[in-house]
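What follows is a set of notes on a single structure, which appears directly below.
Only the coordinates and a few stated rules stand behind these numbers; no lab work does. Predicted model only: the values in this text are computed from it and were never measured. Note that each Cβ is placed from the backbone with ideal geometry, even for glycine, and that neighbours are counted across all protein chains shown.
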Amino acid sequence: MPDIKTEEMLLNMGPQHPSTHGVFRVVIRTDGEMVLESESHIGYLHRCFEKVAENNTYIQVVPYTDRMDYLCAMANNLGYAQTVEKLMKLEVPERAQYIRVIVTELNRIASHLLAFGTYGMDIGAITPFLYAFRDREMILKIFEKLCGQRLNYSYVRVGGVTFDITEEILADIQRFCDYFEPDTIKEYNELLSYNGIFISRTAKVGVLPADLALSYGVTGPSLRGSGVKRDLRKDEPYSIYDRFEFDIPVGTGEMGALGDCWDRYMVRVLEMTESVKIIRQALADIPAGDFCDKKAFRGVKPPKGEVYHKIEGARGEVGFYIVSDGTTKPYRVKARGPSFCNISVLDALTSRGDCMVADMVAIIGSLDIVMGEVDR
Amino acid sequence: MGLERSEIHGILKEKFGDAVLEDHVEAAEPFVVIRPDAWEEIAFFCRDDQRLRFDLLSCLTGVDYPDRKVIELIYCLDSTPNRHWLVVKAALPRDNPRIASVESVWKTMDWHERETFDLLGVTFEGHHNLTRILCAEDWVGYPLRRDYVMPETYRGIKNVIY
């Protein structure tokens, strides 16, 4: 029998592909089932948020921040609002601080639930997705009751939050926490986390060493999956996070390799428990009082200056660099989206020669990107 | 815990002398201004020095100041082991903004520098693939320059401005 010749093939994955979680294109050079090299192309969703921000007032920018990471919009609102408050040296009422923590953590759970559900679906398990969306729906209902929106809240604003949180909504959140933890998370682990097929698809795949992750600016659960204990809520507590007790789950290499897809996935599942812990403490302590600084709501005019502020969003470090020239419009707003840096590591992970075409999907899913934030 | 900002600025001034042009430790966000041609050397030092260990470059921002005729680059450096933080600025001439690429120091700079090139037109010397990343490849102009005028059409398609 003559030797079988193989040829390299260029494969376009995306821009419209269900597993790229948005309009994202990767050009893959393959040899049979093996990926030799990949090259990411982004920018399909680019709308130059930063230019738009120059032409709007500080308050008008808030809805644009929603549309960056639309799965965890509360964290973006919070990051932006706190940056402007830092510029203005504005103190936010105590009650607003608690509301902010509660909604951000709830949103983090919602975001991780979506990551959990779609990741299962990427790998080929449809059922966990339905379970995750059932529970995510409860959170979205709460948000709808709170501010009328399901995704793009614009709820956290400079000076506080838009509406006060009612006793009824607080009771809803309490009910959700009791339902969700520990039973539902246990259910997830039985459904997906410790499923044999799922483990064999994700364990020892896309191993991301800690130094490579840091060099690429990877933050959030994707970095913690590599065993680096870095969480801005603990390291540089902003808002009132220093008042709560919670742990930072990190990857342990339980399934064979530290920093593999399974570790990154598991960090998100464990983080949901921690978020519930924070919400429970915040619900117990929430004081009465104002929910916003009324003066800041009427108009924002920070003094001349510039400042960088970062918070821990669901995907990592959400940072804003704002330059103010003393007018009602920002001179420059730079948004640092965690997904932008997290996805830049993809080419390095898939070009080492040990990645199969099917692993591409597993690796992209485990980085949990939102294209709205990558392209801004 | 890590070092105070003034200590970090002190280390840089001691090592690089007059390459550190300004030191604003009193600002709301303390920063140092460096001479652009010394940036690569400073970057390696910031990453490798045991006292500093800036292993994570959070953010690269470029700001256009037409009245001062400069484009200011702002590098936000973060250290995960030491938990401290540094902001480095470099002012480049607006008509020919060039600075050394530091993608060999922090890999994340590959995309960040491409973004700054794309939106502000800063050339990073030594970058292996300095092409547009967010805008279309044949886009004309640099949107984040203050005097940028949005084109009326793109490939014959009218831009609708609301």
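Observations
- Average beta carbon contacts from partner chains per residue of A:215-221, 10 Å cutoff: 5
- Annotation: amide H of A:Val205 within the under-5 Å range of A:Cys261, A:Trp262, sequence separation 5 or more or interchain, hydrogens built in the peptide plane.
- In Hz, Karplus ³J(HN,Hα) per residue of segment B:74-84 (6.51, -1.76, 1.60; θ = phi - 60°; x = Gly, Pro): 10, 9, 9, 9, 9, 10, 6, x, 8, 6, 10
- A protection proxy built from the mean count of other Cβ atoms within 10 Å ranks the segments B:154-161, A:75-82, B:136-143, most packed first, as A:75-82, B:136-143, B:154-161.
- Legend note: in chain B, cysteines whose Cβ sits 4.7 Å or more from every other cysteine Cβ are B:Cys46, B:Cys135.
- With only the Cα atoms considered, segment B:5-146 has a convex hull volume of 109 Å³ per residue.
- Pairwise FRET efficiency - A:Phe133 versus A:Ile197, Cβ, R0 = 25 Å, nearest 0.05: 0.75
- Put simply, when A:40-47, B:35-42, A:306-313 are sorted by average Cβ atoms within 10 angstrom per residue, most first, you get A:306-313, A:40-47, B:35-42.
- In segment A:57-375, the C-alpha radius of gyration followed by the widest Cα-Cα span (Dmax) gives 19.3, 59 angstrom.
- Rounded Å value of the spacing that divides the Cα centres of segment A:171-213 and segment A:60-133: 19
- Taken one residue at a time, the phi angles of segment A:252-263 give Karplus couplings (6.51, -1.76, 1.60, θ = phi - 60°) of 10, x, 4, 9, x, 9, 6, x, 8, 4, 5, 4 Hz. Gly and Pro are set to x.
- C-alpha long axis of helix A:167-179 to longest principal axis of chain A, angle in °: 30
- Taking A:Ser339, A:Ser38, A:Ser111 in turn, the Gaussian network model of chain A (Cα-Cα springs below 10 Å) assigns the largest fluctuation to A:Ser38.
- If you look at the Cα atoms of segment A:1-114, you get an Rg and a Dmax of 21.9, 80 Å.
- Prolate/oblate/rounded call for segment B:100-162, Cα gyration tensor, a/c under 1.5 rounded: prolate
- By the helix-only formula, in which each DSSP H run with n ≥ 4 contributes -39500 (n - 2.57) and the sum is divided by residues, chain A has a 222 nm mean residue ellipticity of -14000 deg cm²/dmol.
- Here segment A:252-376 is treated as a Stokes sphere of Kirkwood radius computed over C-alpha pairs; at 10 °C and 1.306 mPa s its diffusion coefficient rounds to 87 µm²/s.
- Listed residues A:Val300, A:Val84, A:Val205, most fluctuating in chain A (Gaussian network, C-alpha, under 10 Å): A:Val300
- Here is how the number arises for chain B: DSSP H runs of 4 or more residues each give -39500 (n - 2.57), the sum is divided by the residue count, and the result at 222 nm is -6500 deg cm²/dmol.
- The protein assembly as shown: translational diffusion in µm²/s, Stokes-Einstein, Kirkwood Rh over Cα pairs, 4 °C, 1.567 mPa s: 54
- Per-residue average of Cβ from other chains inside 10 Å of A:305-313: 4
- Gaussian network model of chain A, Cα within-10 Å springs - most flexible of A:Arg25, A:Arg243, A:Arg150: A:Arg243
- Per-residue Karplus couplings for segment A:138-146, computed as 6.51 cos²θ - 1.76 cosθ + 1.60 with θ equal to phi - 60°, are listed in order as 4, 5, 5, 5, 4, 5, 4, 5, 6 Hz, Gly and Pro entered as x.
- For the residue pairs A:Lys304/B:Lys13; A:Lys89/A:Lys294; A:Lys234/B:Lys15; B:Lys13/B:Lys89; B:Lys15/B:Lys89, the C-alpha atoms sit more than 21 angstrom apart in A:Lys304/B:Lys13; A:Lys234/B:Lys15.
- Measuring max minus min along each principal axis, the C-alpha atoms of segment A:102-166 give extents of 44, 19, 17 Å (largest first).
- Taken residue by residue and averaged, Cβ atoms of other chains lying within 10 Å of the Cβ of A:321-334 number 3.
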